[in-house]
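Q: Please find one structure pasted underneath; my questions will follow.
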Amino acid sequence: MILSDKKILEGIEDGSIVIEPFRRKCLGTNSYDVHLGKHLAVYIDDVLDAKKHNQIKEIIIPEEGYVIHPGTLYLGVTEEYTETHSSVPFLEGKSSIGRLGIDIHATAGKGDVGFCNKWTLEISCIHPVRIYADMPIGQLIYFQVEGDIENYYNKKKNAKYIQRSDKPMESMMWKNF
């Protein structure tokens with residue numbers, strides 16, 4: 001079951017959902033709009049290795065925007081920090097972003113109960129597009145969880161993406177080997 005705007009507000013009031021900064025105008029009927037942060041990153045190497053820590057180069061989006069190009073994976077980050085303690089957050093791109101030919105995630109649209117961080121975005125495009133910091137980029141949808149939680153993401157010993165950061169996080173797949 002997807003949480004309605006009233007249920008999302010209840011979660012914010014009782015602390016089971018945290019959105020910082022929270023802007024009431026970004027709350028939709030059953031979702032919350034998130035915005036692109038000012039930090040992007042691209043991988044340095046042309047060939048990535050799943051068993052190695054692939055280094056990234058940081059890009060700061062200037063006020064006049066930044067043009068992204070097809071064939072490059074850009075790691076972005078949401079402006080909003082979120083915590084979800086009793087529901088499952090899903091991040092989807094806004095339809096207006098999709099109509100510009102931008103994808104904001106390749107595979108990682110679902111968060112875990114206990115996820116506490118900004119969202120790293122896996123941005124790609126099919127046509128060059130100028131993007132801007134603070135532009136609406138996606139929407140969070142919350143699904144109710146049935147049953148008790150045994151293993152919250154932020155309490156897992158092997159959780160790889162729990163260090164709070166304002167910058168996008170590169171793949172930590174290498175930690176699995």
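The values are calculated or read from the model by the stated rules, or taken from the named source; none is laboratory data. Quantities reported herein were computed from a predicted structural model and do not represent experimental measurements. So basically every Cβ, Gly included, is an ideal-geometry build from the backbone, and we count neighbours across all protein chains shown.
Q: Checking residue 57 against (1) in contact with a Gly (Cβ under 8 Å, 6 or more places away or on another chain); (2) in a strand (DSSP E or B), which test does it fail?
A: Status for residue 57: all satisfied but (1).
Q: Every residue in the stretch 102-117 that is among the acidic types (Asp, Glu) and surrounded by 16 or more Cβ atoms within 10 Å (Cβ to Cβ), please.
A: So the first thing to find is which residues in the stretch 102-117 are among the acidic types (Asp, Glu), and the list is 103, 112.
Within the stretch 102-117, just 112 meets the criteria.
Q: What residue, among those in the stretch 65-83 that are of a type outside the set (Val, Ile, Thr), without any contact (Cβ under 8 Å) to a residue 60 or more places away in the chain and assigned to a loop (DSSP other than H, G, I, E, B), is surrounded by the fewest Cβ atoms within 10 Å (Cβ to Cβ)?
A: Going through the stretch 65-83, the residues of a type outside the set (Val, Ile, Thr) turn out to be 65-66, 69-71, 73-76, 79-81, 83.
In the following step, the residues that additionally are without any contact (Cβ under 8 Å) to a residue 60 or more places away in the chain were identified as 69-71, 73-74, 79.
Narrowing further to those that are assigned to a loop (DSSP other than H, G, I, E, B): 69-71, 73.
Numbers: 69: 11, 70: 11, 71: 7, 73: 13.
That would be 71.
Q: Only one of these is over 23 Å from residue 135 (Cα atoms) and of a type in the set (Gly, Ala, Ser): 50, 106. Name it.
A: Values: 106 fails: over 23 Å from residue 135 (Cα atoms).
Just one listed residue meets the conditions, 50.
Q: Let me ask something additional. Among the residues of the stretch 95-114, which ones are under 13 Å from the mean Cα position of the chain (by Cα) and modelled with pLDDT under 95?
A: The initial filter retains those residues of the stretch 95-114 that are under 13 Å from the mean Cα position of the chain (by Cα), namely 103-112.
Scanning the stretch 95-114 gives 105, 106, 107, 108, 109, 110, 111, 112.
Q: Considering the stretch 153-175 alone, what residues qualify as being farther than 16 Å from residue 55 by Cα, small (Gly, Ala, Ser) and modelled with pLDDT of 75 or more?
A: Hit for the stretch 153-175 is 165, nothing else.
Q: Within the stretch 35-59, track down each residue that is over 26 Å from residue 139 (Cα atoms) and exposed (fewer than 13 other Cβ atoms within 10 Å of the Cβ).
A: Scanning the stretch 35-59 gives 44, 45, 46, 47, 49, 50, 51, 52, 53, 55, 57.
Q: What strands (runs of 3 or more DSSP E) lie completely within the stretch 103-166 and have 3 or more residues being more than 16 Å from residue 76 (Cα to Cα)?
A: Details: elements: 116-125, 129-131, 136-144.
In the stretch 103-166, 136-144 are the strands (runs of 3 or more DSSP E) which contain 3 or more residues that are more than 16 Å from residue 76 (Cα to Cα).
Q: Further question: Can you spot a residue in the stretch 51-68 that is within 22 Å of residue 31 (Cβ to Cβ), of a type outside the set (Asp, Glu) and in contact with a Ser or Thr (Cβ under 9 Å, 6 or more places away or on another chain)?
A: No: the stretch 51-68 contains no residue that is within 22 Å of residue 31 (Cβ to Cβ), of a type outside the set (Asp, Glu) and in contact with a Ser or Thr (Cβ under 9 Å, 6 or more places away or on another chain).
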